[in-house]
1. Of a type in the set (D, E, K, R) and either under 15 Å from SER64 (Cβ atoms) or not assigned by TED's automatic domain parsing to the domain that holds VAL164 (or both), is that true of LYS127?
2. Given the conditions (1) under 15 Å from LEU135 (Cβ atoms); (2) not in a loop (DSSP other than H, G, I, E, B), report the number of the one that GLU87 does not fulfil.
3. Filter the helices (runs of 4 or more DSSP H) completely within region 100-158 down to those with at least 3 residues that are crowded, with 21+ Cβ neighbours inside 10 Å.
4. Identify the residue in region 1-35 that is basic (Lys, Arg) and under 23 Å from GLN83 (Cβ atoms) and, among all such residues, is nearest to the chain's Cα centre (by Cα).
5. Which of the residues belonging to region 60-95 are aromatic (Phe, Trp, Tyr) and either surrounded by fewer than 12 Cβ atoms within 10 Å (Cβ to Cβ) or within 18 Å of THR138 (Cβ to Cβ) (or both)?
6. Spot the failing condition for LYS62; the list is (1) charged (D, E, K, R); (2) within 30 Å of ILE101 (Cα to Cα); (3) part of a helix (DSSP H, G or I), and only one is missed.
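The values are calculated or read from the model by the stated rules, or taken from the named source; none is laboratory data. Values in this document were obtained by computation on a predicted structure and should not be read as measured data. All Cβ positions, glycine included, derive from the backbone under ideal geometry; neighbour counts span all protein chains shown.
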Amino acid sequence: MVCKIEPIEREAVIAKYLSRSLDSEAVEEFEGHYLGCDECFDELRVSERLAADLRVSSFEWKQSGGVSVLQFRVNTELTHSAQELEELRREVLEQSDTRVIIDLSRVTRIDSAGLGQLMSCYSHLVKNRGALKVLNPTAEVQKLLDMTGIGTLIPSFEDEGEAVRSFRN
Ligand SMILES: [Zn+2]
């Protein structure tokens, strides 16, 4: 089958498809087409790989006294629509260290979805004989941790060294 889409148009459609800016009808049309079209299929695979290489993680890990500390690179709202929610879970679950500190100093807002994600990180780590602590939550985030009782499971620290030492108790 020879593709009827002009190369320049193909590029544009694929870029829009990958950035999720096609409407649902156009997505359906494109998906129906590229699966049977070698040219579009190949081009999509290449573009996907490039996009994945460009995507920078929202997180950064560092080691501190044998404990893994996860930091946010920029100010982040951990709310239901944030893509960082899923990323956070993946970051914590897909690494082998079970003694983890999440630095919350750059989390400007959190909602039930964000708290839920912290809890699933907590459950995973505890199940694997580890623990989760948080560092420097804002007053607002701390208030929510306390109100929901999560603060008693996931203790907060203002000092990184103190948080690290708490794992030895
Ligand atoms: Zn095609």
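1. So LYS127 does not fit the description; no.
2. (1)
3. Helices (runs of 4 or more DSSP H) meeting the threshold: 112-127.
4. Here is the first cut: in region 1-35, the residues basic (Lys, Arg) are 4, 10, 16, 20.
Now drop any that are not under 23 Å from GLN83 (Cβ atoms), which leaves 16, 20.
Values: LYS16: 22, ARG20: 18 Å.
Filtering region 1-35 for residues that are basic (Lys, Arg) and under 23 Å from GLN83 (Cβ atoms), the one nearest to the chain's Cα centre (by Cα) comes out as ARG20.
5. PHE72, the sole residue that qualifies.
6. Single failed check for LYS62: (3).
Here is a yes/no grid of residues against (1) more than 10 Å from the ligand (Cβ to nearest atom); (2) crowded, with 16+ Cβ neighbours inside 10 Å; (3) in a helix (DSSP H, G or I):
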| position | (1), (2), (3) |
| --- | --- |
| LYS4 | no, no, no |
| GLU11 | yes, no, yes |
| ALA15 | yes, no, yes |
| ARG20 | yes, no, no |
| GLU28 | yes, no, yes |
| GLY36 | no, no, no |
| GLU39 | no, no, yes |
| GLU48 | yes, no, yes |
| SER57 | yes, no, no |
